[in-house]
Each structure stands twice: as C-alpha cells, then as structure tokens.
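Since the structure comes first, as structure tokens, the remarks are kept for the end.
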Amino acid sequence: MANVASPLQYGDPPRLGPYVVQARLHAVPAGFVYLGQGPDGRAVSLAVLTRGAAFDAAARDRFVTAITEAKGERSGVRGWLGLAGRSRSAVLDGTPEVLAFDGGPAPWVAVPYVPGRPGAERFLEPVMVGGTLIGQAHGPDFVPYWLTDRAPALPGPTRRRRPLTETRKRVLTAALALVLLVLLVTAILLMLLLGRRDSEPQPKQLPPTVFVPTPPPTPASPEPRPSPSQSPSPSQSGQVTPGQTPGDDAGEESPL
C-alpha cells in the first residue's frame, strides 16, 4: 500500500490515547490506518478496527492476538515451555515495533511511521478470513456479516476523576441550592394562602336584638242590644182561640 495521506473525514477519531490523529493513510474492510503524532512529536502509524469488526468478538480477538504476539516476539518471549510457537503471527513477518495499543471494545495500535515501509496496517491483515486453499482448488470466500459497517470504532469518552475537595464543594452547593428552593416554595405557598384569605369578603356582624314580649290579643265583646217583644200585632191574621174577651163578665153568657 502506498503511504499517501488524505485529509480526515467525518467520523474519524481526533485522538487515540496520547496520540493526535492528523491524516488518513489507508482504509481497508477491516479498519483504518491514520497518521498521528505522539506527545514527544514522533510520527506514528495508527490502526483502528471498523465498528462492525470491533463488535465481532472473533475479529477483535484476531486483531488483539496479532498485536500481543508481535509484542512477545519483540521482547524475546517465545511459545509455551520455550517452544517456538508462532501459528497466527506467521503472516506478520517483518511487523513493526508496537509502541502502544488498546485491546478494549474499540482496539487500536500505534507503531512508528516510516515512509515506504509497512506500518500498522499489517495488524489488520489477520482480521479478514478468506477462503481455504486446497491444492489448486480455492475454497469459498468468507464474507463477514459486519462488512457493511465501515465506520471507525471510536473509544468511549474518558472520565477524569475529580479531586475530593471539588466533589465536596459541589455536594455542598447542591445542598444549599436545594434548601433555598424549599424555602422559596414555602414562601410562595404562604403568600398564596394569606392572599386568598384577605380577598374573601368577611361577613357583616348583625346588630344586637332586644326581645320585648307583647300581651296576647283580647277578643272584642259585642254591645248588648234590647230584643223585640213577642206580642202579636193586630195586622197579623190567624186563628183566635175562643175564650173570654176583656170586659166580659164571668157570669154572663154570650147570646148565641
């Protein structure tokens, strides 16, 4: 691959650990290779997996294993029990020196950048698994399911631990703000209650009443009037009983 740098694109990480990403060198299905600068000003080559490859545990393990095996061979560590066991790193002949790497959910590796020589892209080669070569026949190609997700895997934001004194100040400030808020709400409620009582019309006090008993009413008596006599009048006609008339003597009989 030619070491031709191109500007960074949207989604590229601005930093990888202590290294500042400056340009993009390569883009392969398994990941991206960037040109970066270390804290001491040294140019480095940075390899990052794609987001799809980083989500695949097998692909991520192949990338991390290639890096750890390269570091072990650089430090003189050989296979288990001192045997020269180099199975997967056989494709990494002439791998560059590993300066730093992160094997977390978004793994990356940093190697020295030398123009014209292979850089960190050598660690992306074992991530892709091709067909099996059997004699002259070539087996079927393997297409990983994550091949369509070509965005670079970005590490999560690093959280710096704040000093204890700053945390204590923030806690005290939050408690004081909470107390002030409670007092303000209490004052508003009191003002609403008192204002409501003042706005209600007060009932007027009735004047005192004096009870004076009155005598019961007496019925009016009718005035007496003389009643007329019961003697018959001469004009009245009727049957006259036979008898003696006044002036007649008792010894004399009336002539018939």
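Structural remarks
- Selection within the stretch 144-161 - loosely packed, with under 10 Cβ neighbours inside 10 Å, part of a loop (DSSP other than H, G, I, E, B) and at pLDDT 55 or above: Gly156, Pro157, Arg159, Arg160, Arg161
- Test result for Thr186, among the polar types (S, T, N, Q) and modelled with pLDDT under 65: no
- Tally, over the stretch 7-22, of residues that are surrounded by 11 or more Cβ atoms within 10 Å (Cβ to Cβ) and more than 14 Å from Ser45 (Cβ to Cβ): 6
- Gly38 being in contact (Cβ under 8 Å) with a residue 12 or more places away in the chain and within 40 Å of the chain's Cα centre (by Cα): no
- Number of positions in the stretch 14-35 that are within 38 Å of the chain's Cα centre (by Cα) and in contact (Cβ under 8 Å) with a residue 24 or more places away in the chain: 8
The values are calculated or read from the model by the stated rules, or taken from the named source; none is laboratory data. Note that the coordinates shown come from a computational prediction; the quantities given were computed from them, not determined experimentally. For neighbour counting, all protein chains shown are included, and Cβ atoms are generated from backbone atoms with ideal geometry for every residue, glycine included.
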